[in-house]
1. Along the principal axes of its C-alpha atoms, what lengths does the chain span, in descending order and rounded to whole Å?
2. Under a Cβ-only charge scheme (Lys and Arg +1, Asp and Glu -1), can you give me the dipole magnitude of the chain about the Cα centre, in debye to the nearest 20?
3. So what's the gap between the Cα centers of the range 550-614 and the range 138-176, to the nearest angstrom?
4. Enter the accessible area per residue of the range 651-786 (Å², integer; probe 1.4 Å; all protein chains in place).
5. Along the Cα→Cβ direction, 7 angstrom out, place labels at ARG425 and LYS620. What is the inter-label distance in nm?
6. Taking only the C-alpha atoms, wrap a convex hull around the range 592-671 and report its volume per residue in Å³ as a whole number.
7. Label-point separation (nm) for GLN644 and GLU174, each offset 7 Å from Cα along Cα-to-Cβ?
8. Give the accessible area for HIS403 in Å² (nearest 10); use a 1.4 Å probe, count only protein heavy atoms, and leave out ligands, DNA and RNA.
Amino acid sequence: MERNRPIRARLRAPRRPAPRDAAPMAGSIPLTRGSARARLKWAAQSGFGFDAEELERLARYFRGLGRDPSPVEIAGIAQSWSEHCSYKSSRRWLRRYFSGLARDRRVLGTGDAGVVRFEPGYAYALRIESHNHPSAVEPYGGAATGIGGILRDILAVGGKPIALADPLCFGPLETDPARLPPGVKSPSYLLHGVIAGIRDYGNRVGVPTVSGAVVFDPAFLVNPLVNVASVGFLPTRRLQRNRARRAGNRLVLAGGRTGRDGIGGVAFASRELTESSGSESRGAVQLGNPILKEPLIRACLDAFEAGYVSSVKDLGGGGLATAAGELVFAGGFGLELDLDRVPQREEGLTPWEVWISESQERMILEVRPEKVPALLELFERRDVPATVIGQVTREPRERLRWHGAIVSDIDLAFRVDPPLRNRPRRRRRRSTARTSVPADEPLAATVARLLLDPAVVSREPILRLYDHEVQGRTVVKPLQGNVAHPTHGDATILRPRPESRRGIALATAAQPWLCAADPEAGGAWVVEEAARNLFAVGARPDAFTNCLNFGPPTDPRVMDDFVRVVRGMASAARALGFVVPSGNVSFYNGGLGRAIPPTPVVLATGLVADLARATTTDLKREGDLLYLLGKTDPRLGGSLWARQRGLSGAEPPRPNPRGLARLGGALLRAGRAGLVRAVHDVSDGGVAVAAAEMAFGGATGFALDLDRIPGPDPRTAAIAEGGSRFVVEISPEDRVRWERICRGLPVARIGTVQPGRFHFRVGGDSIATLDGEDLYSRWRAGVGAP
């Protein structure tokens, strides 16, 4: 599990001097002697991922202790120093651009998950992370344990998980298996395995999967992206902190038993894929157990409510080493553990394997000594294993024992908080050119091709595999409109408390194509897209969590892309009123000579003041008016139309988050007044696809007057995706009130709802007509699913 550690001032613990003749520990690794070349050779063989600078730091530290490191010490240090756990390349940039977006009165916590106020006495938690590498090796297990990990993140702040989301990226499904690079699995196999893993884990643990995305592009052929997110809900009195509170408190390991699965997971995720990753790194993929997860969640929530737990952390990437170390280090303490007391499910485990195993369904709890018996009794009633394995110490050191023998004795700060890396940056050369739709291009064929593209076709075959209604909180569902004629929604809405009329809207967004063309503008555009989806259902943007998927940070061009994307996202977040209380960075995506584009993924939340005023995408009544709210940017870079034609150098549109904030404000005012019958944001395929998807849900048709769209030529106006815009359905009786609310904003009446076919007109004359029912039957077939 890839973890976004909270940004904090680094503790500088005093180093306890050691005698020069300190006795070596059993199995010591000779790093203090020999040459730098010999150390590098050992590092390559070990697979722990240390570079030359880190090896020199290790040798210098242990020379100061007068001894060589033990295998347990080296294994623990490797976890904490990995890019995956330490964020050593990204933390300074996250601090610079995002830390201010977490310092807001709405934000109650920024630990394993972000916690944001909902209403007096209640809050919600949100978090996203990636399981990209494990899913490339073993798609079912990789995706399933990604879901398990994100649920534990929510649980670790006191939240009950109430929703899941799954933004995913794969290579083209039609890829010929004979043309796959060596060691790479087919996109169809990966898609089916990932969807099945998410389905089985989420459905069995009883958490609805209500939001997500599926992206197809050749850039993700070698390295798919499997990002998973969750939202939880909690009374504020149950909020848990992820830092130890008091020396002398006991450390209790609760949940699953420890095995050899997942060993080396963070090292695997901190390097690019190779043709042998599937065979060499399969053991780095964890094994999930959703049947144990459900009682573990219940037991932890009961313990939180009873006041038994002082602090808590989940065991994910780096296993017990990372979780226990970060928990006590964040509080300014140290720890003593007896590793042989860790419950094990197989014989022959060595202490270093126990220390870094990433076996699933485990939490570490800090408990006051007098409360330990009651806590253990509670977990026994729930049939969930729980064992005291150590305690919090005042001295900030790590002391580990194995059957009484010391196997680690080092400064905790040295292990848990490595120095940040100042990676070099170099801007990529990018050239762009303005393009437009040819005047002789047949519009009907163009629109049909857009609607039937894998990027647009219905996700119903996948959505029907997920239980998106378990727990009974889903008010606005992922599929909207006529029950027998459903279409896509822009966002889903949950009702966390049946006593309240307020709701939480969830939306996901990803835009790798615009980020590849212009990282800073693309980063802002992803945030705009998420905000549009929230505005479209009647929600005010409130918070987002982000998963930043990039190539290796050792590539100066990747680091420059990363910084620009983060800067663009932060700028848009401020303009739109988002707080950013949590997130995740996933570097080293790619391999075999192929790089992924910069791919920030967002799970955004919005607040719905009155669920009765929520809006959906499906057209409601024939004769209603269709308006376009927002200004069209005719630049086609990154658009689906350009991607279908391989126009990678087309000039991308420019973001305008402040303008979107004004449009969204008008839309919310109109929604509160009851004027908005349906609304859909304009995304892939432009206005033509947005209107068609609205008509699909209403089992009806429309007529659009393309020459009423200000700016571009009619054909470009139909398919351009630039400029944050909405297609809005308004009753003729409400036209005057609607136009009054939109005064001063770019808004145009562009058509009407009418039965049957889809008509596109210029000057009142039809230039394209499509059979809506025929298109719908093909569109609804969707992408393949298991």
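1. Principal extents (largest minus smallest coordinate, Cα): 93, 56, 43 Å.
2. Working: 108 positive and 84 negative charges, 612 e Å.
Its charge dipole is roughly 2940 debye.
3. Computed from Cα coordinates, the inter-centre distance equals 17 Å.
4. Details: 4940 Å² over 136 residues.
Here the residues of the range 651-786 average 36 Å² of exposed surface.
5. Modelled inter-label distance: 4.7 nm.
6. Details: hull volume 15.7 nm³, N = 80.
Per-residue hull volume (Cα only) is 196 Å³.
7. Between GLN644 and GLU174, the label points sit 1.2 nm apart.
8. Per-residue accessible area (HIS403): approximately 140 Å².
The values are calculated or read from the model by the stated rules, or taken from the named source; none is laboratory data. Since the model is a prediction, treat every value here as computed from it, not as a measurement. Positions of Cβ are generated from backbone atoms using ideal geometry, with glycine treated the same way; all protein chains shown enter the neighbour counts. In case anyone asks, the SASA skips ligands and DNA or RNA and just uses the protein heavy atoms, side chains included. Shrake-Rupley method; radii C 1.70, N 1.55, O 1.52, S 1.80 Å.
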